[in-house]
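Some notes on the structure that comes next.
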Amino acid sequence: LNAAPGRAPRQRVRFLPAPAPGGGGAAELVAAKVPVLADHPLVRGPRFRKLKIGAGHRLDVKASGVFVLGIGHGNKLLTDLYNCHLTKVYTVGGLFGKATDDFSDTGNLVEKTTFHHITREKLERILAVIRGTNQKALLMYSNIDMKTQEAYELAVKGLIRPMGKSPPIITAVRCLQFALPEFQLEIHCLHETQQYLRKMVHEIGLELKSSAVCTQVRRTCDGVFTVDDALPRTQWNLQSIQEAIRNCQLKVETELEKTLG
Amino acid sequence: RRGLGVAAGPPNTRQLLEAEEAAPVFQYAGKAARRKDRVFVWGFSYSGALGVPSFVRPDAGWKKPRRIQPTPYRLETEEKISSAACGYGFTLLASNTRDITKVWGMGLNKDSQLGFQRSRGDRTKGYEYVLEPSPVPLPLEKPQQTRVLQVSCGRAHSLVLTDSEGVFTMGNNSYGQCGRKVVEDEIYSGSHLIHQLKEFDSRVVQVVCGQDHSLFRTKKGTVYACGWGADGQTGLGHYNISSVPTKLHGDIAGVNIVQVTSYGDCCLAVSDEGDVFGWGNSEYLQLASVTETTQVNVPRHLPFKIGKIKEAACGGTGNAVLTEEGNVFVWGYGILGKGPNLIETAVPEMIPPSLFGWSEFSPDIRVAHVRCGLSQFAALTNRGELFVWGKNLRGCLGTGRMEDQYFPWRVTVPGEVVDVACGVDHMVSMVRSFT
């Protein structure tokens with residue numbers, strides 16, 4: 001960053017003595033534009049000595065996926081994005097037949113159960129119940145008076161969302177793959193933590209009269225940022241970062257305007 | 001193998017894997033695990049209509065009387081209940097078993113609408129309030145062969161439909177709603193009389209109770225009615241009472257009716273071609289699409305252009321129909337389900353399917369049934385979810401809150417709801433467990 005050509009030095013008009021035409025005698029003052037000495041690179045030093053980097057929504061050690069970072073002035077946008085309360089999309093993988101103490105497959109084993117009675121239909125039924133209870137929670141925590149016409153219209157369009165603090169709410173869930181003993185779910189949620197998603201997988205196992213552990217939590221979308229915008233480890237260099245910022249600028253601006261007005 | 005003097009240390013990966021392999025496997029659901037059928041009740045409990053005696057008379061010192069049960073509460077029943085009906089402060093549960101006890105009743109019994117419930121203190125008198133589901137003694141000729149198909153409850157009378165012995169009626173008969181001659185100054189409390197009705201043109205397949213009248217639908221598609229007729233709800237062409245079930249004509253003559261419904265003083269009937277006919281009270285614009293009069297005593301065809309109608313439900317002041325595509329249309333007066341601004345309409349208005357859980361992620365959600373209480377509506381989706389809306393009288397909506405609900409709201413029931421019966425201030429639902 002520091003090697004890139006910086007700002008051109010400021011120019012100032014100074015009256016410099018110049019030798020008079022025709023030689024000898026008094027010097028005349030001639031106006032000339034000269035660069036300001038204070039802007040000289042040797043005086044100023046390197047342009048960037050440290051960078052302020054802020055992190056967006058938390059992603060814990062055992063999970064993977066999209067992680068949003070803000071650089072410099074972008075940190076202010078981060079707070080605004082947090083106040084938008086946009087949904088995040090996760091791909092959660094689970095395994096039937098085991099129960100561990102921290103709900104993931106690397107924990108201490110608590111119990112092993114049978115799982116041959118589980119069918120995709122039973123899993124879909126449990127997912128329907130999860131959708132139903134979370135829909136109710138969505139309406140309840142959005143702090144809108146249910147008796148107004150405005151609440152009815154927002155409920156019809158599906159735009160009711162809690163705009164303040166609330167417990168984790170799942171807005172949509174569906175089963176992507178089901179091959180006993182493994183299964184994969186796509187979950188859209190708000191205000192969640194990855195441990196909450198692992199606990200949910202454990203509870204799905206309990207509801208189906210068996211047990212389940214979570215093998216994979218991968219965030220595929222965080223508000224407006226998707227996996228396509230995300231930079232993998234090999235592309236953590238200046239050019240890719242600058243390009244990514246440029247590509248996402250428009251998306252972020254439109255989303256902020258739409259939600260916060 | 002460690003030596004005797006060496007400490008154990010934390011288990012390494014191989015030891016952990018071996019411990020895991022050797023762990024016992026628990027089986028919670030065997031081969032014969034079946035989904036269980038359950039009954040859930042909620043609403044006003046002091047009448048005994050919920051069937052839980054400890055809500056009214058607590059049987060333990062720490063229990064307090066519970067006037068209202070705001071969320072679904074499981075009711076233990078001896079048999080699988082196939083049909084339930086809620087009246088005005090009482091409930092009937094019926095099972096289609098061949099055992100001797102087929103119908104249980106609970107709640108108000110001041111007009112013997114639950115039959116004669118012999119009191120244990122005084123064996124000559126009957127109970128006026130029945131607090132837990134008690135067998136209703138039906139005078140069946142072949143009690144170990146007949147099956148009860150359906151029950152229905154009105155304000156103070158009830159009807160029981162059997163497969164081979166006709167219809168049994170019990171309760172108040174001051175307007176002839178039980179299908180027998182009105183006896184002046186008859187005392188209905190503690191009465192043993194249960195009347196049997198057999199003379200119809202073909203087998204009766206559905207019985208419906210309005211507030212003080214009864215409707216019978218036969219296999220051939222004809223409708224019979226008896227009872228109070230001052231609003232024309234009997235549909236017989238006059239405004240007097242009728243104590244003998246008489247066939248209805250008007251616009252439904254010759255039409256094959258596949259469903260009738262009523263709960264207050266207005267009645268609706270659906271034909272096999274998807275048309276809907278109405279008669280009875282129209283003070284709340286229920287029939288205002290065809291007539292300005294407030295009482296209609298002859299069935300009239302309601303020309304709605306909303307598609308083929310599959311099911312209809314009548315409430316006290318509002319009506320709802322379900323079309324073949326799975327959309328719900330409401331009209332009438334009161335809280336209709338489209339926000340606080342829509343209080344009355346004479347023309348059916350559709351409730352947006354997104355309120356029933358339809359979205360891009362679940363595009364195949366459809367409403368499968370609609371039911372009406374006196375001022376509430378209930379809708380069941382094909383995924384087994386129950387949505388309610390309307391006036392929340394004494395917690396009868398089951399949402400857990402005491403406020404009225406202006407648009408469809410999910411009721412959290414631990415199971416897949418198969419059927420629901422709505423009353424004035426309580427509801428009963430038949431639910432299958434998930435696994």
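To make sure I understand the rule: partners must be lysines, Cα under 27 Å from the Cα of B:K64, and not fewer than 8 residues away in the same chain. Which ones qualify?
B:K110, B:K391
Under unit Cβ charges (Lys, Arg +1; Asp, Glu -1), what dipole magnitude, rounded to 20 debye, does the stretch A:53-227 have relative to its Cα centre?
Using Cβ point charges on Lys, Arg, Asp and Glu, the stretch A:53-227 gives about 80 debye.
What's the angle, to the nearest 10 degrees (0 to 90), between helix B:13-22's Cα axis and the longest principal axis of chain B?
With both axes taken from Cα atoms, the answer is about 50 degrees.
Return the long-range amide H neighbours of B:Q259 (sequence gap of 5 or more, or a different chain), with a cut-off of under 5 Å between placed amide H atoms.
Those qualifying (amide H under 5 Å, at least 5 residues apart or on another chain) are B:V270.
When chain A is modelled as a GNM with alpha-carbon springs shorter than 10 Å, which of A:L109, A:L185, A:L197 fluctuates the most?
Answer for the Gaussian network model of chain A: A:L109.
Using θ = phi - 60° and the Karplus form 6.51 cos²θ - 1.76 cosθ + 1.60, what ³J(HN,Hα) does each residue of the stretch B:130-146 get, whole Hz, x for Gly and Pro?
My calculation for the stretch B:130-146 gives 9, 8, 9, x, 10, x, 9, x, 9, x, 7, 6, 10, x, 9, 10, 6 Hz in order.
Running a GNM on chain B with Cα contacts under 10 Å, which residue among B:E273, B:E20, B:E76 ends up with the highest mean-square fluctuation?
Residue with maximal mean-square fluctuation among B:E273, B:E20, B:E76: B:E20.
Which residue, B:P24, B:P72, B:P137, has the most motion in a Gaussian network model of chain B that connects Cα atoms within less than 10 Å?
Between B:P24, B:P72, B:P137, it is B:P24 that shows the largest mean-square fluctuation.
Please rank B:L4, A:L77, fewest neighbouring Cβ atoms within 10 Å first, as an exposure proxy.
B:L4, A:L77
Could you calculate, for the protein assembly as shown, the ratio of the Cα radius of gyration to the Kirkwood radius, expressed as Rg to Rh?
My calculation of the ratio gives 1.18.
Roughly how big is chain B's charge dipole about its Cα centre, with Cβ charges of +1 (Lys, Arg) and -1 (Asp, Glu), in debye to the nearest 20? Don't skip to the answer; put the middle values down first.
Values: 46 positive and 43 negative charges, 317 e Å.
Using only the charged Cβ atoms, the result is roughly 1520 debye.
Taking beta carbons within 10 Å but only from partner chains, what does the mean come to for residues B:374-384? Let's see the in-between values first.
On the way: counts 0, 0, 0, 0, 0, 0, 0, 2, 0, 6, 4.
Mean inter-chain Cβ contacts per residue within 10 Å come to 1.
Does anyone have the angle between helix A:194-207 and the longest principal axis of chain A? Alpha-carbon axes, 0 to 90°, nearest 10?
Around 10 degrees separate the two axes.
Across the stretch B:406-416, in residue order, what do the Karplus-derived ³J(HN,Hα) couplings come to in whole Hz, using 6.51 cos²θ - 1.76 cosθ + 1.60 with θ = phi - 60° and x for Gly and Pro?
With coefficients 6.51, -1.76 and 1.60, one gets 8, 8, x, 10, 5, 9, 7, 10, x, x, 9 Hz.
At 222 nm, what helix-only mean residue ellipticity would the protein assembly as shown give, in deg cm²/dmol to the nearest 500, using -39500 (n - 2.57) for each DSSP H run of four or more?
Values: 8 runs with 97 residues, N = 696.
It comes out at -4500 deg cm²/dmol, rounded to the nearest 500.
Could you please rank A:S64, B:S202, B:S429, placing first whichever residue has the fewest other Cβ atoms within 10 Å of its Cβ?
Details: A:S64 14, B:S202 10, B:S429 26.
Sorted ascending by nearby Cβ count, the order is B:S202, A:S64, B:S429.
What lysines does B:K198 reach when the alpha-carbon gap must be under 24 Å and sequence neighbours fewer than 8 apart in one chain are set aside?
Of all the lysines, those that pass the test against B:K198 - Cα under 24 Å, at least 8 places apart if same chain - are B:K102, B:K142, B:K181, B:K219, B:K220, B:K247.
So what's the Cα pair-distance distribution over the stretch A:53-227, bin width 5 Å, in %?
1, 8, 16, 18, 17, 15, 11, 8, 4, 2, 0
Taking amide H positions as placed 1.01 Å from N in the peptide plane, with prolines and chain starts having none, which residues 5 or more places from B:L75, or on another chain, fall under 5 Å of its amide H?
B:V39, B:F40, B:V41
Considering only lysines 8 or more places apart in sequence, or on different chains, count the pairs in the stretch A:108-192 whose C-alpha atoms sit under 25 Å apart.
8
Shielding by partners for A:142-148, please: the mean number of other protein chain Cβ atoms within 10 Å of each residue's Cβ. Write out the running numbers ahead of the final one.
Numbers: counts 0, 0, 0, 1, 9, 6, 4.
The mean count of partner-chain Cβ atoms within 10 Å per residue comes to 3.
Read the figures in this text as sums done on the coordinates, not as results from a lab. Computed from a predicted model, the values in this text were never measured in an experiment. As a convention, Cβ positions derive from the backbone with ideal geometry for all residues, glycine included, and neighbour counts pool all protein chains shown.
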